[in-house]
Amino acid sequence: MVLHCCFTGTTLHSLKLAAIPYFSRTLTSRLTPYYPRPLFPLAVRSLSAASSAATSTDEYQVVKPQWKAAIDFKWIRDNKESVAVNIKNRNSNANLEIVLELYEKLLSVQKEVEKLRAERNAVANKMKGKLEPSERQKLIEEGKNLKEELVTLEEDLLKLTDELQQEAQSLPNMTHPDVPLGGEDSSTVRKMVGKPAEFSFVVKDHVQLGKELDLFDFDAAAEVSGSKFYYLKNEAVILEMGLVNWAVSEAMKRGFTPLTTPEIVRSSVVEKCGFQPRGTNTQVYSIENSDQCLIGTAEIPVGGIHMDSILSESSLPLKYVAFSHCFRTEAGAAGAATRGLYRVHQFSKVEMFILCRPDESDSYHKELIEIEEELFSSLGFHFKTLDMASEDLGAPAYRKFDVEAWMPGLGRYGEISSASNCTDYQSRRLGIRYRPESSSSASPKKGKNAAPTQFVHTLNATACAVPRMIVSLLENFQQEDGSVIIPEPLRPFMGGLQIIKPKHIQN
């Protein structure tokens, strides 16, 4: 988000494009990813559902943005060298040259519009006085010509504004100066906790353990829903509920307000949070004949809860912990890491989300990762925290920490959590501001004398992604007799259950 991390693979279904902002579409499946978005979105091609091949006639139309972000174009222009370096470091496809070119054109047209408006007002003022009929007729003609010119220029201005928005929305957030540069392999270890568990027997992976303990049914789920779906059974159901309640309870102890969220949101809210519902390998499921999508993380609906609001400074920080089901296409995923529960289309997750003042976001980012580390340490996991490299941040994150736990059955570390500081990237798109309160005045100023509003900073962090937590628990706490020990912190949330035993050795 972030949901920035586990997003990867599925096959695009055949579809026909039509009109939900950017395009609308008739889908052959009930739920399917959006069609890939073109690199230069000033025009889009009308595609036939009959074939995925190029057609002989291409129809183009001008695209109008569905929403507008409060992007500081003057700052971008004044800091274009830094922005250009940032785009390169993040391996982004954003085109800064087009953004700057469109911005300069927009400023030029704005000046011309203002000039014509002033001339038209001057003509109108002249006509208020006594005039000869010939002079009045001359001014009428001049006013008419100015009006026609103004209408044309205002249309150009509107079009330029839309095109500038469309291009600028692809610019990524700026990057924290301490973020390592490069791809995922360049990420640095921030902290290493514990040591890998040692076993005196042959280790099983979670799929084998789940089969022997009768915890999962992947085959039936594949028949009912398709690949990468699953049924949880018996103690696995209690384990999921226990994990969720434990994570929510721990976050509430730390001052977070619990939420359950809508799991269907408008596609515009998905975009405002920095995700692309129509990217080449989109992770978002869209809903047929609507502008709605299934969420890939609770970050999206929680981010939207204060959309288009001005918050009081005294209400900040706002801390939420949200439970939701999440849906991801996992487009492009392949390999052993996709086996079993590791990478699935639907799962339960507990997400933390903070809205705060700009000067506090770095400290709250530290707080979020420390909460994650405390939670996973309390369960006895061996894990490492990574400071993710610039090319692996995703568009919204200013800085992102990932947590990777050791998974003995998988034979490697696997991501179980992340924590991102998105600064004002999301709030500028969602329209979430706050009004600073003057410390020098006993009563806050109002009206024209009120302090100007500022954009809040937003942060998100995963408290518990259930499937990968189950993978880690089963593989790390397996016993030689095939049973699995439940970590002590979870037992009160599982009716006191201490161990999951194979059915043949249960008392």
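The values are calculated or read from the model by the stated rules, or taken from the named source; none is laboratory data. Because the structure is a prediction, the values reported are computed rather than measured. Quick reminder, even Gly has a Cβ in these numbers, built from the backbone with ideal geometry, and neighbours come from all protein chains shown. Note: accessible area is taken over every heavy atom of the protein model, side chains too, but ligands, DNA and RNA are not part of it. Shrake-Rupley method; radii C 1.70, N 1.55, O 1.52, S 1.80 Å.
When the solvent-accessible area of the range 209-270 is split by element, carbon and sulfur atoms take up 53 percent of it, the probe being 1.4 Å. Going by Cα centres, the range 337-389 and the range 193-237 are how many Å apart? The distance from the Cα centre of the range 337-389 to that of the range 193-237 comes to 22 Å.
Peptide packing: for 179-192, 258-271, the average count of neighbouring Cβ atoms within 10 Å per residue gives the ranking 258-271, 179-192, highest mean first.
The alpha-carbon of K195 sits under 18 angstrom from the alpha-carbons of these lysines, leaving out residues fewer than 8 places away in its chain: K384. A cut-off of 5 Å between modelled amide H atoms, ignoring neighbours fewer than 5 places along the same chain, links Q292 with S267, I287. Using 0.36 nm per residue and subtracting the Cα-Cα separation, the extra length available between K501 and K195 on full extension is 107.6 nm. If you take the Cα centroid of the range 145-166 and the Cα centroid of the range 82-106, the two points sit 23 Å apart. Report note on the peptides 128-137, 363-372: ranked by the mean count of other C-beta atoms within 10 Å, highest first, their order is 363-372, 128-137.
Solvent-accessible area per residue for the range 120-214 at a 1.4 Å probe radius, Å²? Value returned for the range 120-214: 64 Å² of accessible area per residue. Expressed as a whole percent, the accessible surface of the range 360-507 that belongs to carbon and sulfur atoms is 46, based on a 1.4 Å probe.
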